[in-house]
Structure formats: C-alpha cells, structure tokens
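Accompanying notes for the structure given below.
The values are calculated or read from the model by the stated rules, or taken from the named source; none is laboratory data. These figures come from a predicted structure and were not determined experimentally. Counting neighbours? That spans all protein chains shown, and the Cβs are built from the backbone with ideal geometry, glycine included.
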C-alpha cells in the first residue's frame, strides 16, 4: 500500500485539533471538529455527510490471569455518505457509503489474561483497511430496502439496533455473539465481504431481514487484502435470516430471532473428515422495564442473548448473556449510563477432547476446568460532552483457560474506554 494512503491515528487527531482551534464552543458542539465554519452543514444539505470517530481502550490486569500489566488498543473510523437523491435531484436515488478503518494496539486478553472473550472490543486487525463500499435504496416499495456491496454482515444483522450492548467494553457483549463468527463465515466489523441484504417492513413493529455474503476466510485479518474488494479464495456463501419485532408503547422493546447457514466445507473438530453446512441460531432481547414518570429519559432496560452454533466445527457452541442498563442514572447527567452484565461462553466438547488427548499424549495432566468461560462486567458511561464519552469499566473473568485447556486464575480487569466523534 502506498505510504500516501497510510493515514495514522496521530495525523487524524492532529487534523481534528487544528479544527478545534479554528472553531469555538468546544464543549457544546456535537463533534470534536465542529461544523468547519458552516461547510459541514452545507455539504450535508447538498448530500455529502462526513463522519469520524475514535475509540481507545486501556485495560489493566489487577489480579489473576497471566501477569500484572496494562494494554491499550484503539480504533479510528472515517466515513462519507453520498445521498444521490440530493446530489443529482433523483427520486429514490439511494445512498453510497464509504468507510475506512484503522486499528492499533495490544491485546489484554492475549498478553495478560489468556481468555477467549476479548477484553477490548476494538482489538484485532491492526492495520488500515476499507471496511465498507456499499449502495442502499428502497426497491419497488418504501417497505423494501436493499443494500449491496462490500461490507460486514454484522453491520445489519446479529446485533441489537438499540445499541444497548455497547455500553460494555468486552467484545462478548458489545457487538454480536462471538460463536457466530467463530464457527462460520459470519463476519463482523471491521471484516467485510461482498454481499447483499434485504429488509422488508411488514408493519411498524415487524421486519424481516435476509442476506447472502461471500465466505473468504483467507481475507479475514489479512493486511495484504486491506483494499481488495474481491475474494481471494471463496469457500461458500453464508445466508442469515432474521425476524425483528419492536414493541411499541410506554415500555418499548426489541426482539430478534435469527438463523444462519454457511455452505462452506470445513474440517470437523477432532477429525480429518469435512463437514458441510455450518449453521446456528440466536435470540436477542432489549426490553424496557421501567420509565421514571418524573424524569424524562430515565429508564431501566434489560437485555438477553442466546446463541447456538455448529457442534461439528465451532470453537464454542453456546453463548448466554444477560444484564441491565440504567439510562440517566442521575438527574444532572441525562446522557450517562450504568451497565451490569453477565456472560457465559461454552466451549465445544469436541475441542476439549482434542486438548485432553494432546495432553495425554505429551504425558501432561489436564487441569480440572469448569465447563465455560464466564464474564461479569460493570461500567459507567460518562458523557463529558456531546462528542466525548468516558467509560470506566471493571471486568471479572472466571475460568480464563476454559478454551485453551490451561489452569489460569480468575482475573480482575480495571479499564477505561474513551470514545470521541470527529
């Protein structure tokens, strides 16, 4: 990749700082770089919308795990959306989305704890890449929306639209159940592939989503494929189907029931034979339990996650997650959140049998491990300004060695997530 295209996070922050000095009202503006002297608003009115955000996550292992130390990782995302209806005066011209992503840093899970569920949700794929080039528009009727191009299927499927799960820093919560991508060709941001997605609204409450995406494992996390839209080696197609119900009323809710099928042939765990048709299903829930009648915006939501994947080829076959999020915990903090979650990732018994057999052949004892890695996480989202969020975070990892077959003490992690919108 030519050096001119390597836009480092340091350069991006330097540019943002220059914009800050040129535009006032730092604490009130909605983005760090402001309105660019009115140019940003004018461009958006004309059909060109720029976005950018930064997230930095620092995690310190205070107890247990492998060693005491801290690790930092970061993600910078830049995007531009072209509204073709506004730009060219078209009726239902659709929108083109271009997104570039850059990740840097080190993993607290790999270096300090040795667990499977990433403590920092923004760690992985440490290079600059194209993460989306897509076209979206309604088709035949306003109820039918189509999107196609180069994108991560997890942008539109497999997560809760409300964003409740990203009140946490651990990737076990924030995003999508990890056994979906761990045991099939399902890809989550920033891994993108060629595909198409359809949404159809039966009513304001009911929606159906279906998609088809190319499966190309050799391109996942491969920096040499950072700017290649086409696949290197196609193994099959992954086909997700998702039914969405959004409960209306005083206590709103969001419910998702999904199924996915991957036509790729892959090696069966613990065998030389191949298996075809990896699949899985999931249920996601976000339900408001309470709204404060005396304080607008103060509410308590509960969430639940269940996901099951192929026993033949997935590293872990079950994920269970549950928790609560309190919005506006204090009267003077209308955009703050307080979140508590519990998750349980169950390793595939076949994977454990392989580890036990390997230990036996090497003459080693296999440790007495629990049946799953478990996670307890507590976080507070402090909205310092409209564009800056600070999230102190505590995670307790139970049985960190459940997936690796190693005896590792439970770990206590203290962290801080920083998010800023450019």
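Below, the figures for the structure above:
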item	result
Unmet requirement for residue 269, which otherwise passes all of (1) part of a loop (DSSP other than H, G, I, E, B); (2) touching a strand residue (DSSP E or B) at 6+ places or on another chain (Cβ under 6 Å); (3) surrounded by 15 or more Cβ atoms within 10 Å (Cβ to Cβ)	(2)
Test: residue in segment 128-137 that is surrounded by fewer than 19 Cβ atoms within 10 Å (Cβ to Cβ), modelled with pLDDT of 95 or more, under 30 Å from residue 372 (Cβ atoms) and out of contact with any helix residue (DSSP H, G or I) (no Cβ under 9 Å at 6 or more places or on another chain)	no
Qualifying residue in segment 96-112 (condition: assigned to a loop (DSSP other than H, G, I, E, B), under 22 Å from residue 176 (Cα atoms) and either in contact (Cβ under 8 Å) with a residue 40 or more places away in the chain or touching a strand residue (DSSP E or B) at 6+ places or on another chain (Cβ under 9 Å) (or both))	yes
Segment 140-167 residues that are surrounded by fewer than 17 Cβ atoms within 10 Å (Cβ to Cβ), paired with ones that are part of a loop (DSSP other than H, G, I, E, B) (beta carbon under 8 Å, 6 or more apart)	143/202
Filter result for residue 183 (in contact (Cβ under 8 Å) with a residue 40 or more places away in the chain and buried (at least 24 other Cβ atoms within 10 Å of the Cβ))	yes
Members of segment 27-55 found to be within 16 Å of residue 420 (Cβ to Cβ) and part of a strand (DSSP E or B), listed by number	50, 51, 52, 53, 54, 55
All positions within segment 404-414 that are touching a helix residue (DSSP H, G or I) at 6+ places or on another chain (Cβ under 8 Å) and closer than 29 Å to residue 389 by Cα	411, 413
Filter result (part of a strand (DSSP E or B) and either crowded, with 17+ Cβ neighbours inside 10 Å or modelled with pLDDT under 95 (or both)) within segment 198-236	199, 207, 209, 211, 213, 214, 215, 236
3 or more residues over 30 Å from residue 269 (Cβ atoms) and in contact (Cβ under 8 Å) with a residue 40 or more places away in the chain: qualifying strands (runs of 3 or more DSSP E) within segment 313-416	337-347, 373-385, 388-398
Complete set of residues in segment 322-343 that are surrounded by fewer than 22 Cβ atoms within 10 Å (Cβ to Cβ) and under 20 Å from residue 172 (Cα atoms)	322, 324, 326, 337, 338, 340, 342
Extreme residue, surrounded by the fewest Cβ atoms within 10 Å (Cβ to Cβ), among residues of segment 245-266 that are closer than 30 Å to residue 297 by Cβ and free of Cβ contacts under 8 Å to residues at least 40 places away in the same chain	249
Yes/no for residue 46 being in contact with a helix residue (DSSP H, G or I) (Cβ under 9 Å, 6 or more places away or on another chain) and farther than 30 Å from residue 345 by Cβ	yes
Residues satisfying the stated conditions in segment 364-400, i.e. under 18 Å from residue 317 (Cβ atoms) and either under 19 Å from the mean Cα position of the chain (by Cα) or crowded, with 16+ Cβ neighbours inside 10 Å (or both)	369, 372, 373, 374, 375, 399
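Rundown of residues vs (1) farther than 25 Å from residue 254 by Cα; (2) more than 22 Å from the chain's Cα centre (by Cα), yes/no style:
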{"residue": "291", "(1), (2)": "no, yes"}
{"residue": "296", "(1), (2)": "no, yes"}
{"residue": "302", "(1), (2)": "no, no"}
{"residue": "309", "(1), (2)": "no, no"}
{"residue": "324", "(1), (2)": "no, no"}
{"residue": "329", "(1), (2)": "no, yes"}
{"residue": "349", "(1), (2)": "yes, yes"}
{"residue": "361", "(1), (2)": "yes, yes"}
